[in-house]
2 protein chains.
Amino acid sequence: MSGCCDKPGLLPVETALERLLALAESAPIRETERLPLASAEGRVLAEPLVAGLDLPPWPNSAMDGYALRQADAGEPLPVSQCIFAGQAPEPLQADTCARIFTGAPLPAGADCVEMQENVEVLADGRVRFLEAIRAGQHVRPQGQETRRGETVLDAGTRLGPIELGLAASLGAAELTVRRRPRVALLSTGDELVEPGQSLGPGQIYNSNRRLLASWLQRLGCEVVDGGILPDDLDRTRVCLGELADVDLLLSTGGVSVGEADFLGQVLREAGELALWKLAIKPGKPLTCGHYRGVPVIGLPGNPASTLVTFALLTRPYLLRRLGCAEVTPLRFSVPAGFTWTKPGNRREYLRARLENGRAVIYANQSSGVLRSVAWADGLVEVREGTTLAEGDAVTFIPLSEVLV
Amino acid sequence: MSGCCDKPGLLPVETALERLLALAESAPIRETERLPLASAEGRVLAEPLVAGLDLPPWPNSAMDGYALRQADAGEPLPVSQCIFAGQAPEPLQADTCARIFTGAPLPAGADCVEMQENVEVLADGRVRFLEAIRAGQHVRPQGQETRRGETVLDAGTRLGPIELGLAASLGAAELTVRRRPRVALLSTGDELVEPGQSLGPGQIYNSNRRLLASWLQRLGCEVVDGGILPDDLDRTRVCLGELADVDLLLSTGGVSVGEADFLGQVLREAGELALWKLAIKPGKPLTCGHYRGVPVIGLPGNPASTLVTFALLTRPYLLRRLGCAEVTPLRFSVPAGFTWTKPGNRREYLRARLENGRAVIYANQSSGVLRSVAWADGLVEVREGTTLAEGDAVTFIPLSEVLV
């Protein structure tokens, strides 16, 4: 057997992530494009977003009510103007108040707002203030949220609905974002058949292609479909030769220790390929290298293994190549609703749900079972060498955190 | 002042959600369409996905190694065939073993697999088994994951990368999904200006339109841009008249108690509109009703209020109209990294981050501050009448849970 079948020390997940992030930083995707907000969803900001104005742009009313000088509140005041949101008010006449609505600019001279629930409108139209009034009350000062010149979003921020809304609030109609990474998706194996076709003996449907293509698109990648590679050296060479201009060759299955590893052989002919044996379950074998200068990541082919290694290693790698600072999912401590009696030598990521605040796990945690992930709300991380009793704290990673 | 300015009891968030979900169930979006997997991302399954085959379709090897009859393991065995994944094996010859690779079908007659690391290949090519072998070891039985005829995804499941991968694994090339809901997005207020234009006195940029349009698209909705409604009765009537064929009229701002509530007036002319005063902060006023038979939801106009009421009430409403069972986000209990000394009469949703496992909150929790949400990882829920000391458990809702 070859050396890679020995049992050397396994690579801890953290170390693998550190190495991948370092590789990502050495191969940043620098090109940018300028897009209208409506097209920038899911993309990564290439330049800081700097406020071009104060927010709010002028002091305004936080309530429907009456704007006045606080010092005048002791006597009933006539109403000298009515200010709706969107209107430019006149300066406040002495010894009067102004009817004002939420969001409308405070008139010059006024220093507070009383809400309409706390006044009495007299028969002659004057307004009596029923409660004590503080100067500044119910007024949102100019620049309270943001001052002109402040950075409100850092370069490297992923743009979702909230960030785009924030950019809109500052009047930005376009943003400069990193271009989409081009990711070639390769599946290996004569056993794979695309959905919709009929299965021959020994064949299975290719699920990883759909899983990863949809996921990569969510991450803002352009997916180049490399198809299912034939289990044949020459034809594998031809297929790879046609994928020269991508940013990442992402394969599933096949780049492993087997004698049938044609993809691995071809990649090694014109590049470098390291086989990492990760201390992770599911998902032990991961290959990493380059082919004709293009980075290569080879994920294990079993669906749950593909998913876990993509979520925890490949997704952060891709986001870091786009300059994202935050690339790892939120984790929460929750009580275990299961027992774990056999400590492993790899970190396990169990497909789990929260039930009554406790993490319960799918009965069949086999790496072949994609159904377990569709059932799950998240992954429970069980560290190497650990046993668990019910109620012990475990780390829970919501799947939503890796799917956005 | 009108009756709606009194202070009646506030509507608890749970009650508002229950009412909205009941309204959603009374107005389901039933029409379906059949889509290829690549186009079904983000959509909602209209029919259960039933397995048309066993998974795996046949017993197969979980390892690279040797397939054999467990009873034969005592003696070295010659290798009678080599089985790659994708190949149809011959039945196993008596007193032999088969070289086999991960995922390849087990030959008839074999009942277990030994991994290659645990064998010695003798000079004559025979294989000696070095460790005790259990019948069935390293074999994935036929149907272990899924049996033909089982429901693997329920109707009402939202289709993300994982669900689409699962459908692919069963050979499904197309799925039947609910049609996209058509949602008309209305902003109200003469003060609003679209990004890219210049601000006049008293004007602000419209951020909610971009926030909600991007978010609705993520939820699989078709967004009909109703634009910014003029603060004018007749023109508001004309605008609304042009939006007859939508599934929801979603407005922000303006449907409130103010005298300038033109949208509210027009909606009431040909429909019904209830003003709910929610026990929620940010986000107290929410309107709910119908206009010419079309459901109407009016969200408050302050950006953080819009966000919280969309995330916690409107999103579940829309998903339930599509038949989704699971519509509310996961919640986690985390220690507070802040103090809360003034108990409120409304449930507060504070924009928060996790730092060293504790929830810390954005300094300015004003409802006008969209920046607080862009900063945040999640919302901390503080219940009515509660005070908090550092370290007290609070409920944390990851934003990712409401953004997917």
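The values are calculated or read from the model by the stated rules, or taken from the named source; none is laboratory data. As the structure is a computational prediction, the values presented were derived from the model and not from experiment. Ideal geometry is used to build each Cβ from the backbone, glycine not excepted, and the neighbour counts take in all protein chains shown.
Go through the stretch B:66-101 and report how many residues are crowded, with 17+ Cβ neighbours inside 10 Å and on the phi > 0 side of the Ramachandran plot.
1
Has the stretch A:322-329 got at least one residue that is farther than 30 Å from A:G42 by Cα, away from chain B (no Cβ under 14 Å) and touching a strand residue (DSSP E or B) at 6+ places or on another chain (Cβ under 9 Å)?
Keep residues of the stretch A:322-329 that are farther than 30 Å from A:G42 by Cα, which gives none.
No; the residues of the stretch A:322-329 include none that is farther than 30 Å from A:G42 by Cα, away from chain B (no Cβ under 14 Å) and touching a strand residue (DSSP E or B) at 6+ places or on another chain (Cβ under 9 Å).
What is the number of the single condition among (1) within 14 Å of another protein chain (Cβ to nearest Cβ); (2) outside any loop (DSSP other than H, G, I, E, B); (3) surrounded by 19 or more Cβ atoms within 10 Å (Cβ to Cβ) that A:T236 does not meet?
(1)
Suppose the filter is among the hydrophobic types (A, V, I, L, M, F, W, C), more than 27 Å from A:A88 (Cα to Cα) and more than 10 Å from every other protein chain (Cβ to nearest Cβ); does B:V246 pass it?
So B:V246 fits the description; yes.
Working only within the stretch A:257-296, note down all residues that are under 23 Å from A:I29 (Cβ atoms) and of a type in the set (D, E, K, R).
Once the filter is applied, which keeps residues that are under 23 Å from A:I29 (Cβ atoms) and of a type in the set (D, E, K, R), the stretch A:257-296 yields A:E272, A:R292.
Does A:T96 qualify as being more than 14 Å from chain B (Cβ to nearest Cβ), over 30 Å from A:V183 (Cβ atoms) and among the β-branched types (V, I, T)?
For A:T96, the condition - more than 14 Å from chain B (Cβ to nearest Cβ), over 30 Å from A:V183 (Cβ atoms) and among the β-branched types (V, I, T) - is met.
Give A:L354, A:L350 a once-over and let me know the one that is more than 18 Å from B:V334 (Cβ to Cβ) and assigned to a strand (DSSP E or B).
Going through A:L354, A:L350 in turn, the sole match is A:L350.
For every residue, the table says whether it meets (1) among the acidic types (D, E); (2) in contact (Cβ under 8 Å) with a residue 12 or more places away in the chain; (3) under 30 Å from A:P230 (Cα atoms).
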site	(1), (2), (3)
A:I100	no, yes, no
A:E114	yes, yes, no
A:R134	no, yes, no
A:H138	no, yes, no
A:E145	yes, yes, no
A:P161	no, yes, no
A:G196	no, no, yes
A:R210	no, yes, yes
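Report yes if some residue within the stretch B:41-64 is touching an Asp or Glu at 6+ places or on another chain (Cβ under 6 Å), more than 9 Å from chain A (Cβ to nearest Cβ) and farther than 23 Å from A:R371 by Cβ; otherwise report no.
There is no residue in the stretch B:41-64 that is touching an Asp or Glu at 6+ places or on another chain (Cβ under 6 Å), more than 9 Å from chain A (Cβ to nearest Cβ) and farther than 23 Å from A:R371 by Cβ.
Find the residue count for the stretch B:177-222, including only residues that are hydroxyl-bearing (S, T, Y) and either touching a His at 6+ places or on another chain (Cβ under 7 Å) or part of a strand (DSSP E or B) (or both).
The qualifying residues number 3.
May I ask you to list the residues in the stretch B:353-394 that are closer than 15 Å to B:L312 by Cβ and in contact with a Phe, Trp or Tyr (Cβ under 7 Å, 6 or more places away or on another chain)?
Within the stretch B:353-394, B:A376, B:G378, B:L379, B:V380, B:E381, B:V382 meet the criteria.
Show the residue pairs that are 6+ apart or on different chains and have beta-carbon atoms under 7 Å apart, the first residue being within the stretch B:366-386 and without any contact (Cβ under 8 Å) to a residue 24 or more places away in the chain, the second being assigned to a loop (DSSP other than H, G, I, E, B).
B:R371/A:E145
Considering only residues of the stretch A:325-347 that are in a loop (DSSP other than H, G, I, E, B) and under 25 Å from the mean Cα position of the chain (by Cα), which is farthest from A:L307 (Cα to Cα)?
Only one residue tops the list, namely A:A325.
Is the stretch A:299-307 home to any residue that is in contact with a strand residue (DSSP E or B) (Cβ under 7 Å, 6 or more places away or on another chain) and either facing chain B (nearest Cβ under 8 Å) or more than 28 Å from B:V152 (Cα to Cα) (or both)?
Within the stretch A:299-307, one or more residues are in contact with a strand residue (DSSP E or B) (Cβ under 7 Å, 6 or more places away or on another chain) and either facing chain B (nearest Cβ under 8 Å) or more than 28 Å from B:V152 (Cα to Cα) (or both).
So how many residues does the stretch B:194-208 have that are more than 7 Å from chain A (Cβ to nearest Cβ) and within 15 Å of A:E174 (Cα to Cα)?
Total meeting the criteria: 3.
Quick one: in the stretch A:382-404, of everything that is within 20 Å of the chain's Cα centre (by Cα) and part of a strand (DSSP E or B), which residue is nearest to the other protein chains (Cβ to nearest Cβ)?
Residue satisfying both the conditions and the ranking: A:P398.
I want to confirm something. Restricting to the stretch A:250-272 and keeping residues that are farther than 19 Å from A:T314 by Cα and among the β-branched types (V, I, T), which single residue is modelled with the highest pLDDT?
Among them, the one singled out is A:V266.
If we keep just the residues of the stretch A:259-288 that are assigned to a strand (DSSP E or B) and in contact (Cβ under 8 Å) with a residue 40 or more places away in the chain, which is nearest to A:L249 (Cα to Cα)?
A:C288
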